[in-house]
Amino acid sequence: MLNLKTGKYEFKEPLYLESGRILSSYELVYETYGELNEDKSNVIVVCHALTGSHHAAGRYDGDSKNGWWDALIGHEKGVDTSKYFVVCVSILGSCYGSTSPLSIDESIGKEYRLNFPVLTISDVVKAQINLFKKLGIQKAHAVIGGSLGGMQALCFAIEFPEFAKKTIILASTYQSKPWAIAFNKIAIEAIRRDPEFKNGQYDESFIKQNGLNGLAYGRMAGHISFLSPSSMDDKFGRNYVETDGLYELFGRFQVDRYMEYNGFNFPKRFDPLSYLYIAKMMNIFDCTRHYDTLESALKHVKSQITLISFSGDMLFPPECMSEIHDAFCKMGRGAQSEYIEIKSDYGHDAFLVEIDKFDIYVKRALER
């Protein structure tokens, strides 16, 4: 019933970016699930987070892992693929097949590397709209996203208000706050100052095989922000690695081993330049940048908004989401917005892990 299909579209026309720069051509990789109905009214766009990809559900042949939101997307799941046609696109800048810093700049015949333009959330959303038009999709039943994906969903609602009937945003914000920017700063500096980064001119195959310490350290910092003190207590406690001696200088707690495993394996599957560009994209996100206030930005929104936060989220705390709802209420449009705070001690990644706590709200929002 999942009917997973992967595609790629190559655009020969230019994409004019918010920065004033232009991508003369670009490619987007996407994945679809379910069947498009006759009047094309059952489309759901799913937007991925920082290190996500177009592979949101199902499993490829020979792969050991399902897509990153597999527990939510599928037959009779929160996003039911027996009813809906789901589309997920790898955003520009990501390293999973869409145009990125490692793509060829056709004007010079070389990879962009650090000459790749800085992208905004608005840019990646506009590129997706262009893709949907090519696929014959003019409107969506809903746009759904968490974290960076939630930023995209909000941008769809503000900048393309006729596109979707419903917008569902999880564990996100209308602008990146200093706390989140500070965590990204650790990763950015660690990558830039790693000698193997070579000012962006590293050997891609070498990094995939050997990793990059700077990106590993940055990912460790990121993992702290993705979890919470309570979830770390539950997951690891003060348990020590069985093979390590307590009085060995570099003996490890279980949480040490977890950080090492996730940190040092990450650069072998995610490109450091992509990480830099997407972290920058998150840092500069502010849906009010071209408006006087949050209310003046949200006044363009026509879709029904569902905002889902998680009480233990330290990266984007609940108030980052509730203030969007409060803004709708301030405008006298509270009925257009629903705010739900999920009781969770897991941390930011609850939107990826604790599906059973919120899938009912996603399903209700889609069917209401």
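Taken together, the values in this text are just the output of simple stated rules run on the coordinates, not laboratory data. Predicted model only: the values in this text are computed from it and were never measured. Methodologically, a virtual Cβ is constructed for each residue, glycine included, from the backbone with ideal geometry; neighbour enumeration extends over all protein chains shown.
Out of the range 29-97, which chymotrypsin sites (Phe, Trp or Tyr not before Pro) are coil in DSSP terms and have no more than 16 other C-beta atoms within 10 Å?
Y60
I want to verify the translational diffusion coefficient of the range 188-288 in µm²/s; compute it with Stokes-Einstein, Rh as the Kirkwood radius over Cα pairs, at 25 °C and 0.890 mPa s.
161
To the nearest 0.05, what FRET efficiency results for R269 and L246 with a Förster distance of 25 Å applied to their C-beta separation?
With R0 = 25 Å, the Cβ-Cβ based efficiency is 0.15.
In whole Hz, what ³J(HN,Hα) sequence does the range 203-219 give by Karplus (6.51, -1.76, 1.60; θ = phi - 60°), x for Gly and Pro?
Coupling constants for the range 203-219: 7, 4, 5, 5, 5, 4, 8, 10, x, 9, 4, x, 5, 4, 5, x, 5 Hz.
In units of 2.2 N^0.38 Å, what is the alpha-carbon radius of gyration of the range 151-200?
For the range 151-200, the normalised Cα radius of gyration is 1.71.
So which GluC sites (Glu not before Pro) in the range 236-279 end up in coil per DSSP with only 10 or fewer other C-beta atoms within 10 Å?
Here the sparse-neighbourhood loop sites are E242, E248.
If you take every residue apart from M331 with its C-beta less than 11 Å away from the C-beta of M331, what net charge results, scoring Lys and Arg +1 and Asp and Glu -1?
Neighbour charge sum, excluding M331 itself: +1.
Of V118, V255, V29, which has the largest mean-square fluctuation in a 10 Å C-alpha GNM of the chain?
V255
Across every pair of different alpha-carbon atoms, what Kirkwood hydrodynamic radius in Å does the range 290-368 reach?
Final number for the Kirkwood radius of the range 290-368 is 13.4 Å.
I'd like the chymotrypsin sites (Phe, Trp or Tyr not before Pro) in the range 197-248 restricted to DSSP loop residues with at most 16 other Cβ atoms within 10 Å, sorted by number.
Here the chymotrypsin sites (Phe, Trp or Tyr not before Pro) that fit, given the DSSP loop and packing criteria, are Y247.
Whole-Hz Karplus ³J(HN,Hα) for the range 74-86, in order, using 6.51 cos²θ - 1.76 cosθ + 1.60 and θ = phi - 60°, x for Gly and Pro?
Working through the residues one at a time gives x, 4, 6, 8, x, 9, 7, 6, 7, 10, 10, 9, 9 Hz.
Using helices alone, what [θ] at 222 nm do you get for the chain, with -39,500 (n - 2.57) per DSSP H run of 4 or more residues, divided over all residues and rounded to the nearest 500?
That calculation yields -10000 deg cm²/dmol at 222 nm.
Run the Debye formula on the Cα coordinates of the range 236-360, all scatterers equal and no solvent, and tell me log10 I(q)/I(0) at q = 0.10, 0.11, 0.21 1/Å.
Treating every Cα as an identical point scatterer, log10 I(q)/I(0) equals -0.53, -0.62, -1.24.
Which translational diffusion coefficient, to the nearest whole µm²/s, is obtained for the chain from the Stokes-Einstein equation, given a Kirkwood hydrodynamic radius over C-alpha pairs, 4 °C and 1.567 mPa s?
Stokes-Einstein gives a translational diffusion coefficient of 61 µm²/s.
With just the Cα atoms of the range 1-66, tell me how far they stretch along each of the three principal axes, in Å, largest first.
Ordered largest first, the range 1-66 gives principal extents of 43, 35, 20 Å.
Based on the mean of other Cβ atoms within 10 Å per residue, sort peptides 42-52, 340-350, 317-327, 289-299 so the most packed one is first.
42-52, 340-350, 317-327, 289-299
Tabulate in residue order the Karplus-calculated ³J(HN,Hα) for the range 22-38, using 6.51 cos²θ - 1.76 cosθ + 1.60 with θ = phi - 60°, rounded to whole Hz; enter x for Gly and Pro.
Here the 3J(HN,Hα) series is 10, 8, 5, 7, 6, 10, 10, 9, 9, 9, 10, 9, x, 10, 6, 6, 4 Hz.
So how far apart, in nm, are the two label points at D61 and S230 if each is 7 Å from Cα heading toward Cβ?
4.5
For the range 215-251 and the range 296-347, what is the separation of their C-alpha centers, rounded to whole Å?
Here the answer is 32 Å between Cα centres.
Quick one: give the max-minus-min coordinate of the C-alpha atoms of the range 1-115 along each principal axis, largest first, in Å.
Here the Cα extents, ordered largest to smallest, are 48, 36, 22 Å.
Mind listing the long-range amide H neighbours of Q304? Cut-off is under 5 Å, sequence gap 5 or more, other chains count too, H placed in the peptide plane at 1.01 Å from N.
K166, T167
Checking the table K65/K134; K12/K40; K77/K166 against a 20 Å threshold on Cα-Cα, which pairs fail?
Over 20 Å apart, Cα to Cα: K65/K134; K12/K40.
By the gyration tensor of its Cα atoms, with a ≥ b ≥ c the square roots of the eigenvalues, what is the shape of the range 77-221: rounded for a/c under 1.5, prolate for a/b over b/c, or oblate?
prolate
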